[in-house]
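The values are calculated or read from the model by the stated rules, or taken from the named source; none is laboratory data. It should be emphasised that the depicted structure is a prediction, and the values quoted were computed from it without experimental measurement. Positions of Cβ are backbone-derived with ideal geometry, glycine not excepted, and every protein chain shown enters the neighbour counts. SASA here: full protein model, heavy atoms, side chains in, ligands and nucleic acids out. Shrake-Rupley method; radii C 1.70, N 1.55, O 1.52, S 1.80 Å.
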Amino acid sequence: MRSLLMAAAISLAFTLFLTPVFLRLFRKWGWGQVIRTPEDIANPSHEAKRGTPTMGGVIFILGTIVGYFTGVYVSGEVPALSSILVIWLMVGFGAVGFIDDYMKVRSQRSLGLSGWRKVIGQLLVIIPFGVVALNFPNTFDQTPASGSISLFRDITWLNLFVFGAILGWILYLVWIAIIGVATSNSVNLTDGLDGLAAGAGVFVVGAYSLIAFWQFKQSCTVVDTEALSGCYEVRDPFNLAIISASFAAGLIGFLWWNAPKAKVFMGDVGSMAIGGVITAMAILTRTELLLFVIAGVFVISSGSVILQRTYFKATRGKRLFLMSPFHHHLEMRGWPEVTIVVRLWVIAGLLAVSAVGLFYVEWLTRVD
């Protein structure tokens, strides 16, 4: 517990107090937000945000790493493979976003990596993640990930390797790639209003920290025989709780400067990193399908874009929303930005609490 609290505290302090230092560097390097011209964007009021320092995701990525390793080493712990995999996906997806941001800033245009190049970059990160996560068992023969699709835990009859090793590996890598690409791009779509993605990310990653901590308390390697029916076959759950708590705390510190009116934007480097952490936590805590509830606000954003495009094509030019993602539709309806952000935070919190509640109820049904 001491390492968890220390990691979170250090990460929070890092982003809360060192962000102004980074902002001076970002301004010196010319890392200012690029906004499309009023002719190209449906909401010209966003023009006022031009020049605000961007790529702030670098700050909470560094804060998370510093917080995690400091907390672990000071407490005499050893970094676990599962938490290293979370860091890999956070940094790897963040790097893809950084390249996209840097291309925009350098050219002073809102065009960075094309959609397919971004997806290819994400695949280059998540495929090694998947390979390592299904290898290197510990002394209890546990690997960080599993070959089964999961909800509250592995669903044994949805084992992707039932048809053999070769097809199993293909299905497994495709499955986690879908989760990673969909999640990171959903967070990226949500990052359109000051503080929206960061605040929602706090609730989502915080929920995963609670889930991982409960899995640690109810691990099959430590519980007594009476509780074995409800124990969790999850590797390194305490380390997963530490890294996710460190990340959530880093987001809170960053949110101090990102809340309306934002002094810094996270950029694609930040939104992609959030997506990477959520993806890793969903896979490694064996709660992949529960992700749809925990990260419901991000699902709403990507879902509204899909619905808008589908409806537009089906009706040959008609629109379901005034603008997608959905939060921009609310803007076009005249909702103040702060109102939209706070209400979506509330929804994110309710969904995260509901998911944790469902997770706990499933455990109760097994031990009663």
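The condition of being more than 21 Å from the chain's Cα centre (by Cα), surrounded by fewer than 18 Cβ atoms within 10 Å (Cβ to Cβ) and of a type in the set (Gly, Ala, Ser) holds for only one of Gly164, Gly115, that being Gly164. Going residue by residue through the range 322-330, is there one that turns out to be on the phi < 0 side of the Ramachandran plot, surrounded by fewer than 18 Cβ atoms within 10 Å (Cβ to Cβ), in a helix (DSSP H, G or I) and more than 18 Å from the chain's Cα centre (by Cα)? No, the range 322-330 contains no residue that is on the phi < 0 side of the Ramachandran plot, surrounded by fewer than 18 Cβ atoms within 10 Å (Cβ to Cβ), in a helix (DSSP H, G or I) and more than 18 Å from the chain's Cα centre (by Cα). The condition of being open to solvent by 30 Å² or more (accessible area, probe 1.4 Å), in a helix (DSSP H, G or I) and of a type outside the set (A, V, I, L, M) holds for only one of Thr279, Thr310, that being Thr310. Val132 meets each of the listed conditions (1) modelled with pLDDT of 95 or more; (2) open to solvent by 30 Å² or more (accessible area, probe 1.4 Å); (3) under 25 Å from Phe238 (Cβ atoms); (4) out of contact with any Leu (no Cβ under 8 Å at 6 or more places or on another chain) apart from (4). Here the range 335-368 is the region considered, the condition is being open to solvent by 80 Å² or more (accessible area, probe 1.4 Å) and among the aromatic types (Phe, Trp, Tyr), and the residue that is farthest from the chain's Cα centre (by Cα) is Trp335.
Right, Leu210: at pLDDT below 90, open to solvent by 10 Å² or more (accessible area, probe 1.4 Å) and either more than 25 Å from Gly147 (Cβ to Cβ) or hydrophobic (A, V, I, L, M, F, W, C) (or both) or not? Quick ask: steps written out before the conclusion?
Working: at pLDDT below 90: no; open to solvent by 10 Å² or more (accessible area, probe 1.4 Å): yes; either more than 25 Å from Gly147 (Cβ to Cβ) or hydrophobic (A, V, I, L, M, F, W, C) (or both): yes.
For Leu210, the condition - at pLDDT below 90, open to solvent by 10 Å² or more (accessible area, probe 1.4 Å) and either more than 25 Å from Gly147 (Cβ to Cβ) or hydrophobic (A, V, I, L, M, F, W, C) (or both) - is not met.
Within the range 247-276, if we keep just the residues that are closer than 13 Å to Ala200 by Cα and modelled with pLDDT under 95, the residue that is most open to solvent (accessible area, probe 1.4 Å) turns out to be Ala259.
When Phe238, Phe265 are screened for being in contact with an Asp or Glu (Cβ under 9 Å, 6 or more places away or on another chain) and closer than 30 Å to Asn135 by Cα, only Phe238 passes.
Within this structure, Ser302 passes the test of being within 21 Å of Leu291 (Cα to Cα), open to solvent by less than 80 Å² (accessible area, probe 1.4 Å) and polar (S, T, N, Q). Look at Ile274 and say whether it is farther than 27 Å from Ser324 by Cβ, assigned to a helix (DSSP H, G or I) and not polar (S, T, N, Q). No: the conditions fail for Ile274.
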